[in-house]
1. Any idea which residue in the stretch 15-57 is nearest to Ile149 (Cα to Cα), counting only those that are in a loop (DSSP other than H, G, I, E, B) and free of Cβ contacts under 8 Å to residues at least 24 places away in the same chain?
2. Output the residues belonging to the stretch 89-116 that are exposed (fewer than 11 other Cβ atoms within 10 Å of the Cβ), at pLDDT below 90 and either outside any loop (DSSP other than H, G, I, E, B) or of a type in the set (Asp, Glu) (or both).
3. Return the residues of the stretch 69-88 that are at pLDDT below 95 and closer than 17 Å to Val118 by Cα; say none if nothing qualifies.
4. Which of the residues spanning the stretch 58-80 are of a type in the set (A, V, I, L, M, F, W, C) and part of a loop (DSSP other than H, G, I, E, B)?
5. Take the residues in the stretch 1-14 that are part of a helix (DSSP H, G or I) and either among the basic types (Lys, Arg) or free of Cβ contacts under 8 Å to residues at least 24 places away in the same chain (or both), then tell me which one is surrounded by the fewest Cβ atoms within 10 Å (Cβ to Cβ).
Amino acid sequence: MGYLQPSQYESYGLSADVTDDWITVASAIINTHCRRVSLNPTQYTERLRMVAGSQTVRLSHLPLAPIAPANSPLVSIQARYARPRRGELIYPMQEEVLWAFSLPGAWTTIDPTTVDFVADTGELTFPLNIMGLPYNEVEVTYTAGLATIPDAVLSACALIVKNAQSTPGLNVKSSKLDTMQIQYFSNTLIDGTVQALLAPWVATRLG
C-alpha cells in the first residue's frame, strides 16, 4: 500500500491522473532506503549484544510504537548470559562458577514490564539477572513505526515520483514501471532532499 492517497496527489504537487503504480513503487523505494518492512507500525525481532558492563541496548527501528493493552512496544523479551568475548570478563570468579553449572547460554524470559524503554531513541534498560551478573545478549520482539505518516514522508514519496517522471531512462507514459529500471536509477530517485526528509526513520542496522 502506498503512503500517498489519491486525494493527496495534487496537494503534494503531483498530477491528479498519476497512477497508483507510481506511488506503490515510490513507497517501496522509501522502505528499502529506510531498511525496514514499512513505516507503518510493524513487528520486528532483533538479537543484540550488550556492551560489557552495560545494561542497555538500542533497537534499530524507530520510533517504538506502543500497543494495547499494556501500552508498550515490547511484545516479548529473552535474555542470556552468553560466553563473553575476549576482554569482556567482568567478574572472572563468578563466571567460572556459572560455567561449571552450565548456566551460560541458557535463555531466560524477561517480563517486558521490568524493562525501561525510550520510544524516540529505542533505548532499553534491563535489570540484573538472578545471579547478579548482567545479561550480555538479548532477543527482543517489538513494534515500531508511525501511527500517522508525517508530511516529510509524504513529501519524499511525491519527490521520488517526480524524480522518476523526469528521468529520461524511465518511460513515464507506461502504466506499469519496471522494477529493474527503478533499481538502476535508485541513486537519482533518492536525491539529497529525499534523504534528508527520510533521515529520522532510517534503521540504524541492516537486517
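1. Kept after step one, since they are in a loop (DSSP other than H, G, I, E, B), are these residues of the stretch 15-57: 15-19, 34-41, 50-55.
When the remaining residues are screened for being free of Cβ contacts under 8 Å to residues at least 24 places away in the same chain, the result is 15-17, 37, 51.
On the way: Ser15: 21, Ala16: 20, Asp17: 22, Val37: 15, Val51: 34 Å.
Only one residue fits best here, namely Val37.
2. Listed by number, the residues that qualify are Pro92, Met93, Glu96, Ala100.
3. Ala70, Asn71, Ser72
4. At the first step, the residues of the stretch 58-80 found to be of a type in the set (A, V, I, L, M, F, W, C) are 59, 62, 64-65, 67-68, 70, 74-75, 77, 79.
The answer is Leu59, Leu62, Ala65, Ala68, Ala70.
5. Start the filter on the stretch 1-14 by keeping residues that are part of a helix (DSSP H, G or I), which leaves 6-8, 10-12.
Going one step further and asking which of them are either among the basic types (Lys, Arg) or free of Cβ contacts under 8 Å to residues at least 24 places away in the same chain (or both), we end up with 6-7, 10-11.
Values: Pro6: 14, Ser7: 8, Glu10: 11, Ser11: 12.
Among those residues, the one meeting the criterion is Ser7.
The values are calculated or read from the model by the stated rules, or taken from the named source; none is laboratory data. Since the structure is predicted, the reported quantities are computational estimates derived from the model, not experimental observations. Every residue, glycine among them, receives a Cβ derived from its backbone with ideal geometry; neighbour counts consider all protein chains shown.
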